[in-house]
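Visitor: Right, I'll just put the structure down here and ask away after.
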Amino acid sequence: MKLLSKDIEIGGVSVQKLREEYGSPLYVYDVARLKENLQEVQDSFLSKYPKTKAAYAAKAFLCGALVDLLAPRGIHLDVVSGGELHLAMAKKFPGERIEFNGNNKSTEELVFALRYGVGTIIVDGMDELMLLDLISRELNTEVEVLFRVTPGVDAHTHEKIKTAKLNSKFGFAMGEVARALELTVAAPGLHFKGFHCHIGSQLFEVAPYLEAMEKLRPLFKLVEEITGAPIEELNMGGGFGIRYTTEERKPLSYFVDPIVEKRSEIFGEEVPVLALEPGRSIVGDAGYSLYTAGTIKRLEGYPSYLAVDGGMSDNIRPSLYGAEYLAYNAQRPLDEGTEEYTIVGKLCESGDRLIESQKLPPTESGDLLVMPSTGAYGYSMASNYNGMAIPGVVFVEDGEAREVVGRQSYEEMYGRDLYL
Ligand code: LLP
């Protein structure tokens with residue numbers, strides 16, 4: 001993002017031009033940044049260390065144009081639903097490079113995954129393991145499985161995005177693993193590869209990853225005892241934090257180097273494949289939201305309410321997690337912030353607040369606002385609440401813009417209503 005005196009450029013394209021061409025609100029992705037983030041995965045992880053694998057967590061943001069960036073780079077895709085799998089299939093993403101994560105996968109989803117030839121199913125619990133065993137017998141197919149486990153690590157992040165605590169809806173409890181292994185050994189279609197553990201999201205410390213690996217140690221031994229072979233793969237999930245406002249984004253190597261070292265410490269010479277599943281750190285800081293300022297309500301003794309033409313329907317993160325963002329006024333981005341605003345959306349909820357308090361230069365109705373770092377879990381968590389249409393997505397690179405997902409029309413929004 002480049003701040004000019006009367007404009008902001010993303011990927012060499014004026015945001016004012018983007019608004020003219022594609023409307024507001026709008027999601028904009030800087031393709032150069034997406035490529036840099038993917039290159040970091042390559043340089044700091046895949047090329048640097050043997051027996052490594054990176055699966056992009058599709059839940060952070062998924063569309064066809066993004067798959068086009070992932071596929072040629074050898075990145076795998078981590079999907080969590082029939083819907084994400086459908087998109088991958090529509091893009092002919094190689095099945096062997098897809099892993100299917102998530103709890104409570106349905107029979108339909110598992111059948112779909114097995115028929116498509118999904119490489120790895122990350123089994124989330126005992127019920128699912130039994131269902132998968134049944135389905136693989138029925139379809140007479142084989143599939144590789146990892147067990148997701150929750151070793152009881154309390155990562156330092158928002159309560160709603162911690163995932164490896166003992167009291168978690170995800171994964172096998174440690175005590176269930178022996179039975180699960182015995183069941184798998186007896187299942188003709190299931191090939192056990194190893195474990196999966198995602199401890200949480202938006203993390204800035206490597207210690208909880210290492211702590212989780214340490215806690216998994218007894219399971220590695222258990223596998224040798226029960227199956228007679230060591231594990232082939234260990235997936236430590238994603239969670240690498242990014243900068244939204246003042247956070248200091250750590251380079252991927254900050255996480256990867258100690259995790260790889262820990263792998264050697266635990267396994268010695270014969271290490272299993274180490275897989276990671278970054279989502280946010282690939283797309284988060286490459287994405288921007290564009291909004292148009294509307295009404296301004298001035299209150300004595302409080303920041304003024306500056307309402308924009310989107311809100312919690314296109315970015316629920318502030319309402320859901322108290323997530324913080326910054327905004328820039330694209331009409332005068334270099335001017336000093338002299339007025340304090342609470343930036344709110346236009347939905348009928350008091351909690352529809354995007355930024356609690358920020359100083360901006362005096363802002364008028366019609367001004368264009370740019371909010372950086374909205375590339376992860378913005379578009380992918382968007383909703384039609386209040387009949388709000390989901391904004392389009394534009395990719396910009398080298399001074400060129402291309403729309404990659406169109407703005408949702410009202411006809412599309414209500415198209416499934418059979419009584420209209
Ligand atoms: N792997 C698994 C199994 C996951 O559950 C997740 C995220 C990831 C990988 C990717 O994590 P990342 O690298 O993106 O942190 N909606 C929340 C985040 C929820 C994350 C859910 N799982 C947010 O907006 O902060």
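The values are calculated or read from the model by the stated rules, or taken from the named source; none is laboratory data. The shown structure was predicted, so the numbers you read here are calculated from the model rather than taken from an experiment. Cβ coordinates were reconstructed from backbone atoms using ideal geometry, including for glycine residues, and neighbour counts include every protein chain displayed. Surface accessibility is based on the protein's heavy atoms, side chains included, excluding ligands, DNA and RNA. Shrake-Rupley method; radii C 1.70, N 1.55, O 1.52, S 1.80 Å.
Visitor: Say we look at segment 263-283 and pick out the residues that are of a type in the set (D, E, K, R) and more than 15 Å from residue 198 (Cβ to Cβ); which of these is farthest from the ligand (Cβ to nearest atom)?
Guide: The residue in question is 269.
Visitor: Does residue 311 qualify as being in contact (Cβ under 8 Å) with a residue 12 or more places away in the chain, within 16 Å of the ligand (Cβ to nearest atom) and open to solvent by less than 60 Å² (accessible area, probe 1.4 Å)?
Guide: It is true that residue 311 is in contact (Cβ under 8 Å) with a residue 12 or more places away in the chain, within 16 Å of the ligand (Cβ to nearest atom) and open to solvent by less than 60 Å² (accessible area, probe 1.4 Å).
Visitor: If I ask for residues that are within 16 Å of the ligand (Cβ to nearest atom) and closer than 22 Å to residue 51 by Cα, which ones from segment 72-110 would you list?
Guide: Once the filter is applied, which keeps residues that are within 16 Å of the ligand (Cβ to nearest atom) and closer than 22 Å to residue 51 by Cα, segment 72-110 yields 75, 76, 77, 78, 79, 97, 98, 99, 100, 101.
Visitor: Residues in segment 332-367 that are surrounded by fewer than 23 Cβ atoms within 10 Å (Cβ to Cβ), within 20 Å of residue 297 (Cβ to Cβ) and touching a residue at least 12 places away in the same chain (Cβ under 8 Å): how many?
Guide: Count: 24.
Visitor: So which of 222, 129, 210, 181 is of a type outside the set (Val, Ile, Thr) and either within 16 Å of the ligand (Cβ to nearest atom) or over 30 Å from residue 261 (Cβ atoms) (or both)?
Guide: Residue meeting the stated conditions: 129.
Visitor: Return the only residue of 265, 300 being among the charged types (D, E, K, R) and over 30 Å from residue 349 (Cα atoms).
Guide: Values: 300 fails: over 30 Å from residue 349 (Cα atoms).
Criteria check complete, one pass: 265.
Visitor: Which is in contact (Cβ under 8 Å) with a residue 60 or more places away in the chain and crowded, with 23+ Cβ neighbours inside 10 Å, of 149, 123?
Guide: Matching residue, one of 149, 123: 149.
Visitor: Quick check on my filter: what residues within segment 173-205 are aromatic (Phe, Trp, Tyr) and more than 15 Å from residue 132 (Cα to Cα)?
Guide: 195, 204
Visitor: Among the residues in segment 102-120, are any part of a strand (DSSP E or B) and either touching a helix residue (DSSP H, G or I) at 6+ places or on another chain (Cβ under 7 Å) or aliphatic (A, V, I, L, M) (or both)?
Guide: As a first pass, look at segment 102-120 and keep what is part of a strand (DSSP E or B): 120.
From the residues that got through so far, the ones that are either touching a helix residue (DSSP H, G or I) at 6+ places or on another chain (Cβ under 7 Å) or aliphatic (A, V, I, L, M) (or both) too are none.
The answer is no, given that none of the residues of segment 102-120 is part of a strand (DSSP E or B) and either touching a helix residue (DSSP H, G or I) at 6+ places or on another chain (Cβ under 7 Å) or aliphatic (A, V, I, L, M) (or both).
Visitor: Among the residues of segment 227-248, are any more than 25 Å from the chain's Cα centre (by Cα) and basic (Lys, Arg)?
Guide: No, that holds for no residue.
Visitor: Of the residues that sit in segment 207-253 and are more than 29 Å from residue 178 (Cβ to Cβ) and β-branched (Val, Ile, Thr), which one is most open to solvent (accessible area, probe 1.4 Å)?
Guide: Ranking the qualifying residues of segment 207-253, first place goes to 246.
Visitor: I've got another one for you. Can you pull out the residues in segment 167-178 that are outside any loop (DSSP other than H, G, I, E, B) and either among the hydroxyl-bearing types (Ser, Thr, Tyr) or within 16 Å of the ligand (Cβ to nearest atom) (or both)? Full working, then the answer.
Guide: Filtering segment 167-178 for residues outside any loop (DSSP other than H, G, I, E, B) gives 172, 174-178.
172, the sole residue that qualifies.
Visitor: Now, a different point. Which pairs turn up if I take residues in segment 50-62 that are within 15 Å of residue 94 (Cβ to Cβ) and look for partners that are of a type outside the set (A, V, I, L, M) and assigned to a helix (DSSP H, G or I) with beta carbon separation below 7 Å, at least 6 apart in sequence or on another chain?
Guide: So the pair list comes out as 54/45; 58/84.
Visitor: Additional query: Inspect all residues belonging to segment 206-214 and state whether any of them is part of a helix (DSSP H, G or I), modelled with pLDDT of 95 or more and touching a Pro at 6+ places or on another chain (Cβ under 7 Å).
Guide: Yes: segment 206-214 contains one or more residues that are part of a helix (DSSP H, G or I), modelled with pLDDT of 95 or more and touching a Pro at 6+ places or on another chain (Cβ under 7 Å).
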